[in-house]
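Since the structure comes first, as structure tokens, the remarks are kept for the end.
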Amino acid sequence: MFQFLNPIWLFAIAAVTIPVAIHLWNIRPGKVLKVGSISLMDAASRKSSRSFKLLDIPLFILRCLLLIILAVLLAIPLWHNKLTAGKTKGWVLIPKENFSASYNKFKPRIDSLTSAGYEFHYFNTGFPKSDLKKILADPKDSVFATTNQKSNYWNLTRQLDTTVLSTLPVYIFTPNQAKYFIGQKPQVALNLHWQTYIPADSTATWIAGAWMNTNNTIRVVQANSKPNGTVYTYANIQSGGDQPNSPYTVTINNGQAAVNLKTGNQQPVNVDTATLRIAVYSDNYVADANYLKAALQAVTGFTQRKTIIKEYSNSNAMPIGQDWLFWLSDKPANSKILANNHNVFIYETGKTVSSNSWLNNNGSYAVTLQQQKIGLFKLIEASAGNNANVLWRDGFDNPILSKQQTGKNNSYHFYSRFNPTWNDLVWSDEFPSWMMKLMVDDKSVIAENHDKSILSQQQLMPSNISESHVISVKTTGTANLVNYFWLILVLLFLAERWLANRTQNLVTNG
């Protein structure tokens, strides 16, 4: 399949009119005829004529070709090799790190597919092909040992979309855990069949966080994760000494307090003694800032964490080093602001579109309880190809809040506003809990290795663009043809110079 990277240069082909004009207006000198006498010739009126015909046609063709090849060269021609189905009936894919559990769960289905001629591939980067019979014949094979390796199944599905034809049946067998589905759900053109199972170790309990509260006791967050979601419970314990009637232990090492569960093998979690500093830059969004501050104060009251919340109307007056900066402004947050604050929550700007949908803060995680639908009326249209980690979405799976990490700093991009004309979030009882989940998640409350929540089949399945009758042409590789066209251009130039000099010599020599 032929393609140009800069097709606008093809308009330069119009330059072939230059050699056409040169050749059409090329006038040869007249010939002198010698006669004996003109006395007997009658006078005639003077007539002039001009002959518009192409001369030196081979030279003319070479010059036209030179200009055409130069235009094609500037357009950067590429050649794409199309995918072909061959004799393969389809693919069966299983993650290598979960091979044993996945195969045993779907053994009859997998065996029937491979017996029917389906190829077996690992559902890992590159999708390496393997012989399922040889793997099963060797029980000592390393693939039978489940590892702690974590894949992003949605990213792998995007890669798969560029590897196999849209018509080729593809069967994927994986565990269903939200930690494997990260970022924005992809759109693919695949004949995809995805079957999942809930792993046996489907519950986990761990210390998600600990900090000193306002009355000098330790506030402990304990997380309990199950397939239907993760639940957090809060408790206050004494900062020192034995905790006989408590499920927690407190240890002091070099003046640093740490908390751990009496049961389990989790490493102790250090107690955070710092004060949480939050800055709100309101600019022209004073009403939005008031709604936000009310929610943040509710979060502070519940978490009992030492917190300072301040509002600023002048960006130059804000101190650097804030734990959270809420940039409620249409002005862009510059790189200095992003670098000098740990978390920056930014009002995105762009095209505003009306919406008749709702908000959800599932991100890539399932919810524990049935949440009320929060109306969404307006949003900022997100740019295409944004692969940031989406935390909040609307009912049509459009990003409402996404997170990007740069080193130790995070930027959160909000495609709506904290205003009732944009959504019902600020009037909802869920608003403080959403903000708390956002701010607590940043402190690694949800440990991905512990998270056992799952997704519904509708949530995990990628969107299939072939359902919209979009024909997807897939390629296996790309060849750059620039060098070949350079060679053609040089040969044509040499041929043109040789022919032009030869023609000039013939004219000169009579």
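The values are calculated or read from the model by the stated rules, or taken from the named source; none is laboratory data. It should be emphasised that the depicted structure is a prediction, and the values quoted were computed from it without experimental measurement. Cβ atoms come from the backbone with ideal geometry, glycine included; neighbour counts cover every protein chain shown.
Points worth noting:
- The lone exception for Ser335 - which of (1) within 30 Å of Val221 (Cα to Cα); (2) among the hydroxyl-bearing types (Ser, Thr, Tyr); (3) surrounded by fewer than 19 Cβ atoms within 10 Å (Cβ to Cβ) it fails: (1)
- Checking Ile337 against (1) assigned to a helix (DSSP H, G or I); (2) among the β-branched types (Val, Ile, Thr); (3) touching a residue at least 40 places away in the same chain (Cβ under 8 Å), the condition it does not meet: (3)
- Residue list for the stretch 248-264, filter: farther than 16 Å from Ala204 by Cβ and surrounded by 10 or more Cβ atoms within 10 Å (Cβ to Cβ): Tyr248, Thr249, Val250, Thr251, Ile252, Gln256, Ala257, Ala258, Val259
- Subset of the stretch 339-363 [within 26 Å of Ala178 (Cβ to Cβ) and either among the small types (Gly, Ala, Ser) or outside the structural domain of Ile374 (by TED's automatic domain parsing) (or both)]: Ser355, Ser357, Gly363
- Filter result for Thr196 (modelled with pLDDT of 85 or more, within 19 Å of Lys452 (Cα to Cα) and surrounded by 15 or more Cβ atoms within 10 Å (Cβ to Cβ)): yes
- Qualifying residue in the stretch 447-460 (condition: under 30 Å from Ile309 (Cα atoms), modelled with pLDDT of 85 or more and surrounded by fewer than 17 Cβ atoms within 10 Å (Cβ to Cβ)): no
- Inter-residue pairs, beta-carbon under 7 Å, first buried (at least 17 other Cβ atoms within 10 Å of the Cβ) and in the stretch 418-436, second among the hydroxyl-bearing types (Ser, Thr, Tyr), 6+ apart: Phe418/Tyr291; Trp422/Ser416; Asn423/Ser416; Val426/Tyr291; Met436/Thr303
- The test for being among the hydrophobic types (A, V, I, L, M, F, W, C), at pLDDT 90 or above and surrounded by 18 or more Cβ atoms within 10 Å (Cβ to Cβ) holds for Ile374.
Residue-by-condition table, conditions (1) farther than 30 Å from Ser315 by Cβ; (2) surrounded by 14 or more Cβ atoms within 10 Å (Cβ to Cβ):
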| residue | (1), (2) |
| --- | --- |
| Ala208 | yes, yes |
| Val231 | yes, no |
| Ser246 | yes, yes |
| Gln266 | yes, yes |
| Arg277 | no, yes |
| Ser282 | no, yes |
| Tyr285 | no, yes |
| Asp288 | no, yes |
| Lys293 | no, yes |
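- Test: residue in the stretch 214-225 that is surrounded by 15 or more Cβ atoms within 10 Å (Cβ to Cβ), modelled with pLDDT of 90 or more, closer than 30 Å to Val344 by Cβ and not hydrophobic (A, V, I, L, M, F, W, C): yes
- Out of Asn216, Asn236, sole residue that is outside the structural domain of Gly117 (by TED's automatic domain parsing), farther than 16 Å from Trp91 by Cα and not in a loop (DSSP other than H, G, I, E, B): Asn236
- When Val299, Val286 are checked against the criterion of being of a type in the set (A, V, I, L, M, F, W, C), modelled with pLDDT of 90 or more, more than 16 Å from Ala210 (Cβ to Cβ) and out of contact with any helix residue (DSSP H, G or I) (no Cβ under 6 Å at 6 or more places or on another chain), Val286 stands alone in meeting it.
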